[in-house]
Amino acid sequence: MATIHFLGWVERRARRMRDMLSLSPHDRLDPYDLAPWLRATIITLRDLVGLSTADSHQLLVIDPESWSAGSVHLPGNRVGIMVNPTHAPTRIHATLMEELAHVFLDHSPSQLIKVNGLAMRSFNRSNETQAQWVGWAALVPLVVLEHAQSNARGRRDVARDCGVSQQLVIFREKVTGIRLAP
């Protein structure tokens, strides 16, 4: 269970991300608009030059659920974020906000490591949790949930207004303790 201190930290960081675009709490945040402010370039796997047809087919057709996005550091203190174009726009937005939150929070990138000859990515659970929670709070601000609750608006309405899935709204309900009608 998250502490009240952590939840306050999350909400403050999410507000700062939205402030970069001068958004009111009820304005929809589009990750594509935020990316340039964080010196991030968003591309899809289809845009990647040099990827073999077989690798592209594996990632986009055979096993598209195996990945959502990934970031790489680029020259000039920039970040490239590659997203999976086969996912629903709501999932892409949530994924992009998590990746942009990593940049905003100045997280160190994960590393490729070899274990018994198998290459894998390092994983920092704390950084992943912070990025996910902050990114998703920026998409669905606390004040939007409070307003929806006091005006008897349901999670479907909030999801539509914020451009996110109902599952993301349910996640925000759980962490904030604010319950909405379906």
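Where a number appears in this text, it was derived from the coordinates with a stated rule and is not lab data. Because the structure is a prediction, the values reported are computed rather than measured. Cβ: placed from backbone, ideal geometry, glycine included. Neighbour counts: every protein chain shown.
What list do you get for 82, 97 if you sort them by fewest beta carbons within 10 Å?
On the way: 82 20, 97 28.
Starting with the residue having the fewest Cβ neighbours, the order is 82, 97.
A helix-only calculation puts the chain at -14000 deg cm²/dmol for mean residue ellipticity at 222 nm, using -39500 (n - 2.57) for each DSSP H run of at least four residues, averaged over all residues. The label-point distance for residue 74 and residue 58, in a model that sets each label 7 Å from Cα toward Cβ, rounds to 2.5 nm.
Note on 44, 95, 53: ascending count of other Cβ atoms within 10 Å places them as 53, 44, 95, the fewest first. Stokes-Einstein, applied to the Kirkwood radius of segment 4-139 over Cα pairs at a viscosity of 1.306 mPa s and 10 °C, places its translational diffusion at 99 µm² s⁻¹. In percent, rounded to a whole number, the relative contact order of segment 4-139 is 28, using alpha-carbon pairs under 8 Å and six or more apart.
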